[in-house]
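J.: Dumping the structure here so I can ask a few things about it.
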Amino acid sequence: MQKRDVSRREFLKVGAAVAAVGALAPRVLAAETPAAKTALEFRTLGRTGLKVTTVSLGCMVAPEPVIAKAYDLGINWFDTANSYKGGRNEEEVGRVLAGDKRKKACICTKVRHTVNRQPATADQMMAGLEGGLKRLNTDYVDLVLTHATSSREQVMNDAALDFFRKAKESGKARFVGTSTHQNMTQVILAAVESGAYDVVMTTYNYTIAADLRAAAAKAKEAGLGIIAMKTQAPVVELMKKHDAAKAANPDAPAPRLPFPHEGYALQEAALKWALDDPAIACAVPGMRDFGQLDQNFAVMGKRLGYLDRRLLERYAAATARAYCSGCGRCAGTCPDGVSIPDVRRSAMYLDAYGETKIARDTYRAASVGAAPCARCEHCVAQCVNDVALRPILTDAHSRLA
Ligand code: SF4
Ligand code: SF4
C-alpha cells in the first residue's frame, strides 16, 4: 500500500469500467477514421494570428529523426525549453529546422523564471532567451514562455513583464506567454487579467476539473492562444502501473486497459479529447518514435463520440488517485509548505516517462521538496482525491533528492 498508489484491485475496477462501457459502445471512432492519409488541421493561436497544426510536436523526448519527420508531414509548431536535456534539445531542434525550414516552422522555447528558487530578474530571463537562440541557431523564436508558473503572483511579476517587453522590442521573440502545470486555473485567469500574455501552455487532459475548462474558454474569448500539454499523461501513468501489476502477477487474468474501439488506442482518444475543446489551439504531445508520431498525427481532424467521452470519464475516475492533475487544491494544507504537485510531477517524469534527469531537475526546482515528510508522523496534507500523500512524497524524495 505504501508505494503502489493504484492497487491491482483498482486496475480490475478499471477493467470492469472498460468492459461496462465497451459493451455499450459502437465503433464511434472507427466509423469516422479511415486509415487513409490524414489532412492537416490548423487553428489560429489566439491574438498571435499564427495558424498552427492542431497536433504539434513537444520535442522534449523526440530524437532528431522524429522532429524531421514531423516537419516533413507538415507539422509547423515545435515546442522546446532551455531546460530540456540541459539545452541539448534546443540544439537538436535548431539542427533539424535550419535553413529554409526555419522560415516555415514556428519555434517555442521556455526560460526559467526562478534562479536558485528565487524570482529571476528580467536580465536573467533575457540571458535564458539569448542562450536558447544560440542553441537553436536562430535570431528569434515565435514564442517564448516563462517556464512552469504556478501562481497569480508569478504571472503578475514585474520582472517577467519587463522581460516580455524587452524580448519583443529586441525582436528576439515575436510573442510571449507562460507554461503551467500547477494551479493552472489561477494562472490562466491571471494571464487574462494581466493583458501582457499572448499564449498560455497548460496541462489539459480528460482528468481536469470544470473550472480549468471554463478558464481556458474565457482566455480564448480574451484573445489568448491556449496550447494543451500533458494531454496523454494520465494514460502513460496508467499503462506503466498496469504493466507493473501484470508483471507482478503474470498468471492472473490481465485487466483490460486498452481503449476498446477497433483500431484505436487510449492515447489517441486522450489527445482527441483535448482537441475537441474549441478553446484549445493545438496540443504538443511528446513523441519518442515514428510510431507515436504516426499515431498522434492521425488524430488531426477526428472527433470523439459520446460513448468515447463516457469511457474516458470512467478512466479518469478510476485512476484519479494515481495521477496528479496539478489542480493545486492541496496548496496550503501542508504545514511545512511541501510543494506537493511539483513533487508528484517529478515522480511522474521518472516513473511514467522514464526521464531521470528531467525528474531530478524538476524535483530540485520545486519551491519546497519532500524532505520534511520524513520527520512527519502524521500527514495532514490533503489531496482532493483523498490520496495518502506521505508515502508517495517520501518515496519521490528518496529517489530524486
Ligand atoms: S507528510 Fe504531509 S504534512 Fe508532513 S510534511 Fe509531508 S506533506 Fe506535509
Ligand atoms: S496532489 Fe491532489 S490536490 Fe494536489 S495538485 Fe495533485 S491532484 Fe490536485
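What follows is calculated from the coordinates using simple rules that are stated; it is not laboratory data. Computed from a predicted model, the values in this text were never measured in an experiment. Note that each Cβ is placed from the backbone with ideal geometry, even for glycine, and that neighbours are counted across all protein chains shown.
J.: Note down, for the range 329-400, the three equivalent ellipsoid semi-axes (square root of 5 times each alpha carbon gyration tensor eigenvalue), biggest first, whole angstrom.
T.: Working through the eigenvalues yields semi-axes of 20, 12, 11 Å.
J.: Under a crude label model (7 Å from the Cα following the beta-carbon direction), how far is Ala209 from Tyr306 in nanometres?
T.: Spacing of the two 7 Å Cα→Cβ label points: 2.9 nm.
J.: If the viscosity is 1.002 mPa s and the temperature 20 °C, what translational diffusion coefficient in µm²/s does Stokes-Einstein give for the chain when Rh comes from Kirkwood over Cα pairs?
T.: Once the numbers are plugged in, D ends up at 99 µm²/s.
J.: Separation of the range 269-319 and the range 192-243 by C-alpha centroid, Å?
T.: So the two Cα centres are separated by 13 Å.
J.: If you take every DSSP beta bridge fully contained in the chain, what fraction is antiparallel? Give it as a percent rounded to 5.
T.: 15
J.: Further question on the same structure: Label-point separation (nm) for Tyr140 and Ala265, each offset 7 Å from Cα along Cα-to-Cβ?
T.: According to this spin-label approximation, the distance is 3.7 nm.
J.: So how do Met60, Met184 line up by other beta-carbon neighbours within 10 Å, fewest first?
T.: Listing Met60, Met184 from fewest to most nearby Cβ atoms yields Met60, Met184.
J.: From Cα pairs below 8 angstrom and at least 6 apart in sequence, can you work out the relative contact order of the range 151-223, rounded to a whole percent?
T.: Rounded, it is 33 percent for the range 151-223.
J.: Mind scanning Lys104/Lys172; Lys110/Lys357; Lys51/Lys104; Lys168/Lys230; Lys51/Lys168 and naming the pairs with a C-alpha gap bigger than 23 Å?
T.: Flagged as over cut-off: Lys168/Lys230.
J.: Right, next: What stretch of the chain, leaving out the sites themselves, is the longest with no GluC sites (Glu not before Pro) in a DSSP loop having at most 16 other Cβ atoms within 10 Å?
T.: It works out to 42-261.
J.: Residue-wise, which Karplus ³J(HN,Hα) couplings in Hz belong to the range 109-125, taking 6.51 cos²θ - 1.76 cosθ + 1.60, θ = phi - 60°, and x for glycine or proline?
T.: 10, 10, 10, 6, 9, 10, 10, 6, 6, 10, x, 6, 7, 4, 5, 5, 5
J.: Let me ask another. Stretch Lys101-Ala127 to full length: gain in nm at 0.36 nm per residue minus the Cα-Cα span?
T.: 6.8 nm
J.: Still on this structure, I have one more. Defining a contact as two alpha carbons under 8 Å apart and six or more residues distant in sequence, what relative contact order in percent does the range 329-400 show?
T.: 40
J.: Between Met156 and Asp386, what is the FRET efficiency for a Förster distance of 30 Å, r being their Cβ-Cβ separation, to the nearest 0.05?
T.: Approximately 0.40, to the nearest 0.05.
J.: Compute the distance in nm between two label points, each set 7 Å from the Cα along the Cα-to-Cβ direction, one at Arg174 and one at Ala247.
T.: Spacing of the two 7 Å Cα→Cβ label points: 4.4 nm.
J.: Work out how much length Glu64 to Lys357 would gain on full extension: take 0.36 nm times their residue separation and subtract the Cα-Cα distance, in nm to one decimal.
T.: Taking 0.36 nm per residue and subtracting the Cα distance, the gain is 103.6 nm.
J.: Hey, what's the Cα Rg ratio for the range 77-138 versus the globular rule of thumb, 2.2 N^0.38 Å?
T.: For the range 77-138, the normalised Cα radius of gyration is 1.15.
J.: Of the options Val61, Met126, Leu312, report the single residue whose Cα projects farthest towards the positive end of the charge dipole of the range 30-312 (beta-carbon charges: Lys, Arg +1; Asp, Glu -1).
T.: Met126
J.: Please compute the contact order of the range 30-312 in relative form: average sequence separation of alpha-carbon pairs under 8 Å and at least six residues apart, divided by the residue count, as a percent.
T.: After rounding, I find 23 percent.
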